[in-house]
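Presented below is the structure to which this report refers.
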Amino acid sequence: MFYYVYILGSQKDNNLYIGYTTDLRKRFKQHNSGESLATKPFRPYKLIFYEAFLKRIDTKHREEYLKSGYGRKTIKIMLRKYFDETGTQNYKKRK
């Protein structure tokens, strides 16, 4: 079984949502259908990044890192081309 860390971009307010799951397709549908209270007001979402891990604890640590200040810098570097090409350089992590 794989565990996934994912980054969603809100197409409504250009914020990022970072989470982890074992079923990426199902979780993405839940976010976009409004089943997640944390993300419901900011739908629709686009999946812009994900990573797969074999251990849940590694996934959780990666999620925590991506939500940190250094993690935000890493996201900005990793997805620079995406942000530039889509004109969404202002993506930011929702607090």
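Only the coordinates and a few stated rules stand behind these numbers; no lab work does. In this text the structure is predicted, and so the values were computed from the model without any measurement. Backbone-built Cβ (ideal geometry, glycine too); neighbour counts: all protein chains shown.
Some values worked out for this structure:
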quantity: E64/Q11 FRET efficiency (R0 41 Å; Cβ-Cβ; nearest 0.05); calculated: 0.95
quantity: Binned Cα-Cα distances of segment 8-50, short to long, each 5 Å bin given as a whole percent; calculated: 5, 26, 38, 24, 5, 0
quantity: Cα centroid separation, segment 37-85 to segment 6-24 (Å); calculated: 7 Å
quantity: Helix-derived mean residue ellipticity, 222 nm - over the chain, DSSP H n ≥ 4, -39500 (n - 2.57), to 500; calculated: -11500 deg cm²/dmol
quantity: Fluctuation leader among E85, E51, E35 - the chain, Gaussian network, Cα springs under 10 angstrom; calculated: E85
quantity: Test item: Cα-centred dipole of segment 3-93, Lys/Arg +1 and Asp/Glu -1 on Cβ, debye; calculated: 80 debye
quantity: Separation of the L54 and K73 label points, Cα + 7 Å toward Cβ, nm; calculated: 3.1 nm
quantity: Inter-site label distance for K46 and M1 at 7 Å from Cα along Cβ, in nm; calculated: 3.2 nm
quantity: GNM flexibility winner over the chain from T74, T21, T39 (Cα, springs under 10 Å); calculated: T74
quantity: Prolate/oblate/rounded label for segment 3-93 (Cα gyration tensor, a/c 1.5); calculated: oblate
quantity: Pairs from K26/K55; K26/K81; K46/K73; K12/K46; K40/K73; K26/K46 whose Cα-Cα separation, in the structure shown, is over 22 Å; calculated: K26/K81; K40/K73
quantity: Given charges at Cβ of Lys, Arg, Asp, Glu: segment 39-84 dipole, positive-most of Y45, T74, H61; calculated: Y45
